[in-house]
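Asks: After the C-alpha cells below, expect a handful of questions from me.
Every number in this text was worked out from the coordinates using simple rules, so none of it is lab data. In this text the structure is predicted, and so the values were computed from the model without any measurement. All Cβ positions, even for glycine, are placed from backbone atoms using ideal geometry, and neighbour counts span all protein chains on display.
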Amino acid sequence: MKKITGMMFMLLGLVLTACSQPELEEEEPQFLDVNLTITPEKAEVNEEVTFEAKVTYGEEKVNDADEVKFEIWRANEENHETTVVEKGVNGIYKLNKTFNEEGTYYVISHVTARSMHNMPKKEFIIGKPSEPESDPNSSENMEQDAEEEHNDH
C-alpha cells in the first residue's frame with residue numbers, strides 16, 4: 001500500500017510540475033514592409049531624384065535583403081529601366097538618378113527578404129507632367145475590356 005501511495009504522490013508531483021510550466025507564447029507572424037519614398041516627388045529635368053526603400057520585418061531593419069531593385073519608366077512607354085541596389089544601411093536602400101526628359105514617371109521597388117516579396121509603386125513628375133497611365137483596375141478599363149471581349153464573340 002505504501003508503494004502505491006508513494007507512486008501516486010510521484011505521479012501527482014509530475015502532473016503538477018507539467019501544469020505549472022509556462023505556456024509557450026505563439027509568435028505573431030511578421031510581415032515584410034517596404035516604405036517607398038521619392039525626394040523630390042516633382043523635380044526638374046537633370047535634377048537629382050532620390051528613391052529610398054525602407055525595409056523592415058516586424059520591428060527589425062533589414063540590411064541583408066535577398067534582392068532590392070528599382071524599376072523606373074516614363075508613363076505609357078514600354079522601356080522599363082531596372083537598377084539593383086546591393087546594400088542597405090539602417091534598412092534603407094537608396095538610388096539617386098537624374099532624368100533628361102519631362103513627363104510623368106513611375107517607380108516600383110521590388111524587395112525580396114525573409115522569404116517574402118513586396119513591391120510598392122509610386123508616381124512622380126519630372127518638369128511638365130505627361131499623360132499618366134490608366135489604372136488597370138479602374139472600372140472604366142474593366143468596362144472597356146468587357147466590351148472588347150463581347151465584340152470578339
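Asks: Could you tell me the center-to-center distance, by alpha carbons, between segment 30-45 and segment 99-128 in angstrom?
Replies: So the two Cα centres are separated by 7 Å.
Asks: Report the net charge of residues surrounding residue 72, where surrounding means a beta-carbon distance below 9 angstrom and charges are Lys +1, Arg +1, Asp -1, Glu -1.
Replies: On the way: positive: 74, 97; negative: 71, 81.
Net charge around residue 72: 0.
Asks: Stick to the Cα atoms of segment 29-112, pair each with every other, and give me the Kirkwood hydrodynamic radius in Å at one decimal. Write out the running numbers ahead of the final one.
Replies: Values: mean 1/r = 0.0740 Å⁻¹.
It is 13.5 Å.
Asks: Once you charge only the Cβ atoms, +1 for Lys and Arg and -1 for Asp and Glu, what is the size of the charge dipole of segment 32-132 about its Cα centre, to the nearest 20 debye?
Replies: Dipole of segment 32-132, to the nearest 20 debye: 220 debye.
Asks: Another question, if that's okay. How much length is gained on full extension from residue 114 to residue 61, taking 0.36 nm per residue of separation minus their Cα-Cα distance?
Replies: That works out to 17.9 nm of additional length.
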